[in-house]
Amino acid sequence: MTSRSIRPLLAGLALALAAVAAQAADHATPREARALFDQAVRYLQANGPDKAWAAFNNRKGPFVRKDLYVYVIDRQGTYVANGAAPEALVGLKVLDSVDAAGNPLFREMIAITDKQAEAKIRYVWLNRKSNHVEPKVAWLHREGEYILGVGYYAPRSTAEDARKMLDAASAQMRRSGSTKAFSSFNNVRSPFVRDDLYVFAVNLKTGKFEAHGMNPKLTGTDASSLHDVEGRPLVQDMIELAKTKGEGTVDYVWRNPVTNAVEQKRTFIRREQDSLIGVGFYRE
């Protein structure tokens, strides 16, 4: 290959790297989100609602940064401020609206801040910059009749994240027994359901789900007959691996419930008592 033919390749690579860097730069970190949240709470407390709403609704002001913005709802579930789209959302009642996973997000915000002035909540939301549905985490603060929030898009989970969750699930089963552990795995607010990670359990004798953190309604249904989008009997492969080796990994193709896209997935599985437990992550 000549130097002349290499130059366009290098130029293309440079542009691709620049695009990736720009996208990363626009993606706020949890620390940046927390800093904006603290700043917004202080501003509201120091200046009162009217001045604060005007500042939060200013899309070119200090409370809109990268993909971060401040939003505020009242106790009836009506937006009084939203830095992402103030013209469209301020005044809109969203009490009965749900997130992209069907959870009653705003009712949960009100309920959780009824019990404590500051809280943290996880949900699934459309990222307007990427136009993809992504997991999101938000800090909430109740000030009188208002709930202020700042959320950030959670980073995609890694293999290490999945391994750690599987280790925690194993420890839970050994510590509290299978019945209590399965109840925890099925609780969407537990540590065993986080962003695009969740724990599932399958009985090795019956082949039925004993727990499924992303969709607890699957508990009691036949798991052994499941195939991935390419026709692979993935759960049968997992059961065979658990019975013969005790643990391992299974690769397959699955629909990511967070992004709603078909993606490559790798699941770590382990035998615990008469059950197979697993945690998978989506591979980019």
Exercise for review: Return, for the Cα atoms of the chain, the radius of gyration and Dmax in Å, separated by a comma.
Suggested key: 22.4, 69
Study note, to complete from the structure: Between the Cα axis of helix 30-47 and the main Cα principal axis of the chain, the angle (0 to 90°, nearest 10) is 30 degrees
Revision key, fill the gap. Length gained, residue 115-residue 261, 0.36 nm per residue minus C-alpha separation, equals 48.9 nm
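For the ranges 264-270, 115-121, 65-71, what's the packing order if you count other beta-carbon atoms within 10 Å of each residue, average per peptide, and put the highest first?
Working: 264-270: 18.7, 115-121: 13.0, 65-71: 21.7.
Going from most to least packed, we get 65-71, 264-270, 115-121.
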Check your understanding: Mind checking which aspartates and glutamates have their C-alpha under 13 Å from residue 245, skipping anything on the same chain fewer than 8 residues away?
Key -> 237, 272
Point to revise | Percentage, to the nearest whole number, of Cα pairs in the stretch 130-284 over 22 Å apart | key: 41 percent
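Please compute the net charge surrounding residue 112, taking Lys and Arg as +1 and Asp and Glu as -1 over other residues with Cβ under 12 Å from its Cβ.
On the way: positive: 107, 115, 120, 122, 142, 189; negative: 108, 114, 118.
In short, +3.
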**Study point:** Reachable lysines, given that their alpha-carbon falls under 19 Å from the alpha-carbon of residue 243 and they are not under 8 places away in the same chain
**Key:** 205, 208
Study note, to complete from the structure: Counting Lys and Arg as +1 and Asp and Glu as -1 over every other residue whose Cβ sits under 14 Å from the Cβ of residue 97, the net charge comes to -1
Review point. Under 14 Å from the Cα of residue 129, which aspartates and glutamates turn up, not counting those fewer than eight places away in the same chain?
Key: 26, 67
Check your understanding: So which trypsin sites (Lys or Arg not before Pro) in the stretch 193-254 are both in a DSSP loop and have at most 13 other Cβ atoms within 10 Å of their Cβ?
Key -> 205
Revision key, fill the gap. Once residue 273 and residue 42 are pulled to full extension, the length gained, defined as 0.36 nm per residue separation minus their Cα-Cα distance, is 78.0 nm
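No value in this document is a laboratory result; all are computed from the given coordinates. It should be emphasised that the depicted structure is a prediction, and the values quoted were computed from it without experimental measurement. All Cβ positions, even for glycine, are placed from backbone atoms using ideal geometry, and neighbour counts span all protein chains on display.
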